[in-house]
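Presented below is the structure to which this report refers.
Here, each number is a calculation from the coordinates, and none is a lab measurement. Only a predicted model underlies this, so the values are computations on that prediction, with no experimental measurement involved. FYI the Cβ positions are ideal-geometry reconstructions off the backbone, even for glycines, and counts take in every protein chain you see.
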Amino acid sequence: MKELKKIALTGIKPTGDLHIGNYFGAIKPALRLATEYDARYFIADYHALNTVKDPKALATHVREVAAGWLAAGLNPEEVIFYRQSAVPETFELTTILMAFTSKGLMNRAHAYKAAVQENLQNQEDPDAGVNMGLFTYPVLMAADILLFNPDVVPVGKDQVQHVEMAQDIAQGLNFNYKDAVFKIPQAAVQEEVAVVPGLDGRKMSKSYGNVIPLFGPEKQLHKLIMRIVTNSQGVEEPKDPETSQIYLLYKLFASEAEQEALAKQYRNGGMGWGEAKEELFRVVNRELAPLRERFNAIMADRDALDAILAQGAAKARPLAEATLRRLRRTIGIIGNP
Ligand code: ADP
Ligand code: TRP
């Protein structure tokens, strides 16, 4: 009974290479969810424009993120998979939602506040480098979401505030028209993989330059793993696995038995960081090698990839059009198709 399934929706911004944090924090959980929900997953290319102003880079990132989802196992027959820019109804809905979004709400958004804070620290104008795309980011994201009436929005912790803003905006609009125009979507956060650590121990993030790319060549993977920052404990010293980046990353890729075996070696002493890194490389490459191969094959057939995205947009648009037709009537913009 496909009609009765609940809807899950999420997007990824194509602003750089996908990394292991994106894989465990966003892609894998979303694909697991897609077995249970009717999924709509998209590439948030207009969100990326706020920061990526080089056209070649933007086009490449879009293709790479699309190929990344497919290589990780997204089935475009099951999931409606599209580019945000190919669903122009998103932008009409954004305009409508603007009228229901207080400026104060945007002032409170974490990303904007962080940019202002940084400017103040550097004794710059508080809004230096802040474009309106960044300031109104949560409205565009609310439109992405509300356009498809999802029940759940799988996101990382950092995005929960944005989903809550989408709820606020939807509730304000529903209240005004005394009608349940929009379903109120819920954020779904994967607690068990809350934060994947990067090479330097901070959260793995493009903005920190501490990432392990998902699809880089094997040699690069090895080199990056060897670069993970460790303390100065000697080979013979017993080590605490739970405070070691190497071990925390290992847990994401290794079987239970492998995890136990490595933890034991840590605690017994006699194992240096170099050896632990080699073991980490072995399990990471075991999982990523087939993924990398699929990714490269998909990237090599540009037409096929574009066709998959076009087919996704063709499925998404009638749903988006239906939402807008209904909404235009509700708000009194009538006489449009
Ligand atoms: P980045 O921090 O590298 O710019 P994005 O903000 O583009 O990554 O994140 C895309 C998705 O991947 C989001 O859902 C985010 O929560 C998730 N994600 C990013 N980094 C991590 C991480 N280190 N651990 C877990 N999830 C992550
Ligand atoms: N803002 C999200 C991020 O930076 C990406 C995104 C855009 C998104 N629109 C969305 C996520 C709608 C979920 C739903 O990761």
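Things to note:
- Comparing 307, 257, 170 in a Gaussian network model of the chain, where Cα atoms under 10 Å apart are tied by springs, the biggest mean-square fluctuation is seen for 257.
- Residues whose amide H falls under 5 Å from that of residue 39, counting only those 5 or more places apart or on a different chain, are 8, 80, with hydrogens built in the peptide plane.
- The stretch 226-283 - Debye-derived log10 I(q)/I(0), Cα point model, q = 0.13, 0.18, 0.30, 0.31 Å⁻¹: -0.26, -0.51, -1.51, -1.60
- The reciprocal of the average 1/r between distinct C-alpha atoms defines the Kirkwood hydrodynamic radius, which for the stretch 221-337 equals 18.6 Å.
- With the biggest extent put first, the Cα atoms of the stretch 1-105 measure 39, 35, 25 Å across the principal axes.
- Site pair residue 78 and residue 123 shows an inter-label distance of 5.8 nm when each label is modelled 7 Å from Cα along Cα→Cβ.
- Values of log10 I(q)/I(0) for the stretch 94-198 across q = 0.15, 0.18 Å⁻¹ run -0.69, -0.91, by the Debye formula with one identical scatterer at each alpha carbon and no solvent.
- Result for the chain in a Gaussian network model with C-alpha springs under 10 Å: among 316, 128, 59, the largest mean-square fluctuation is at 128.
- Mean-square fluctuations from a GNM of the chain, with a 10 angstrom spring cutoff on Cα atoms, peak among 199, 120, 327 at 120.
- Kirkwood-type radius of the chain, with distances r between different C-alpha atoms, in Å: 21.8
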